Amino acid sequence: MIKILMIFLTLLFFHGSVDAADKVRISISNLSGQFMTFPLAHKRGFLKEEGIEGEIIRVTGGAGSAALSSGDLDYGTGMAVGGAMTGLPVKVVACFVPAPVLALVARPEVKSIHELRGKTVGISTFGGVSIFAARVMAKHFGLDPDKDMKFVAVGAVEARFIRLTQGLIDAAILAPPLDSEAKKRGFNVLAKAEDILIFPETGLVAGVKKIQDKPDEIKRVIKAGIKANRYIRGNRDGTIQFIMEWLKVNKEVAGATYDGVAKVYNEDPSVCEKGLRVTIEERKQALKINRDVPLSEVADLSLIREALRELLK
């Protein structure tokens, strides 16, 4: 009888724990290697360890920031710096990939970035990370992105890959594993953003109201992300298995994806801050903003610092 009572009480405890978990919706914009922090945190149970019942939702284009500010989403993973600078009540609270893993890939006959003068380059949106990376890479090699290149907003990375391989555009910004797949088909990787600059590609973005009302929840979501990043960097085989299941690819493609992104997974707030300042300056130029934009307008990194301290205890 006592044994039955103990089992009953244990079931009640676990049932109560599930009911007590905070339910959150986290968006990712692409099914690609640099967005795996929270899908992996969900799959490997790191969110549950922090009392979070997470739902991972794919939201493409610029709809994510608006959904965050309206409360339809709890968190985003794309860096919504441009949205914050133009008045949306959202802020970056963590970076998990503070260096880009984007490649500028061109048709076989295009051998260098200089040969892209007057040609079309596929990006996601005109306010996203892909155009930012493309502009910086063009400037690095002496081109004027506003005059020398024709940007085409194609959408998700799969759409960019298809347009490129069908010959509908001359080049595209691609992410692992599609940059490796394009190279295997004879296309040329002209440059990689990670070799040229540091800026945050993915992280965690929350609405200002969420930051004010639920800082503890945000910290727990951040902790789950930190645990996922540490797993990614320290467990190659387990992460490759996850990539195979998540992206529905074979082991070879999953391995190439891992090798292309694992080295840039990090959660250091100082690296994040440096990258955000670079992003602010580029966004100011692209959006024709002349005023000073303080870091505090687009980010609040105090919570990730607190989360890191708590994980060290």
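Computed values, structure above
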{"item": "Among (1) at pLDDT below 95; (2) more than 16 Å from the chain's Cα centre (by Cα), the one test that Pro176 misses", "result": "(2)"}
{"item": "Test: Leu68 is open to solvent by less than 30 Å² (accessible area, probe 1.4 Å), within 26 Å of Gly255 (Cα to Cα) and not in a loop (DSSP other than H, G, I, E, B)", "result": "no"}
{"item": "Residue that is farthest from Gln285 (Cα to Cα), among those in region 72-115 that are touching a residue at least 60 places away in the same chain (Cβ under 8 Å), open to solvent by 20 Å² or more (accessible area, probe 1.4 Å) and more than 20 Å from the chain's Cα centre (by Cα)", "result": "Pro108"}
{"item": "Residues located in region 247-267, provided they are surrounded by fewer than 15 Cβ atoms within 10 Å (Cβ to Cβ) and within 15 Å of the chain's Cα centre (by Cα)", "result": "Lys263"}
{"item": "Residue match in region 208-222 (condition: in contact (Cβ under 8 Å) with a residue 12 or more places away in the chain and under 22 Å from Asp179 (Cβ atoms))", "result": "no"}
{"item": "Among the residues listed as Arg233, Arg277, the single one being farther than 30 Å from Gly87 by Cβ, surrounded by fewer than 21 Cβ atoms within 10 Å (Cβ to Cβ), free of Cβ contacts under 8 Å to residues at least 40 places away in the same chain and basic (Lys, Arg)", "result": "Arg233"}
{"item": "Residue among Gly225, Gly238 that alone is at pLDDT 90 or above, within 22 Å of Ser65 (Cβ to Cβ) and open to solvent by less than 20 Å² (accessible area, probe 1.4 Å)", "result": "Gly225"}
{"item": "Qualifying residues in region 157-190 (those that are part of a loop (DSSP other than H, G, I, E, B), under 19 Å from Ala254 (Cα atoms) and not aliphatic (A, V, I, L, M)) - the one most open to solvent (accessible area, probe 1.4 Å)", "result": "Arg185"}
{"item": "Single match in Ser302, Ser296 (criterion: without any contact (Cβ under 8 Å) to a residue 60 or more places away in the chain and open to solvent by 70 Å² or more (accessible area, probe 1.4 Å))", "result": "Ser296"}
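The values are calculated or read from the model by the stated rules, or taken from the named source; none is laboratory data. Remember, predicted model here, so these are calculated numbers, not experimental data. Ideal geometry is used to build each Cβ from the backbone, glycine not excepted, and the neighbour counts take in all protein chains shown. Each accessible area value is taken on the protein alone, full model and side chains, heavy atoms only, with ligands, DNA and RNA left out. Shrake-Rupley method; radii C 1.70, N 1.55, O 1.52, S 1.80 Å.
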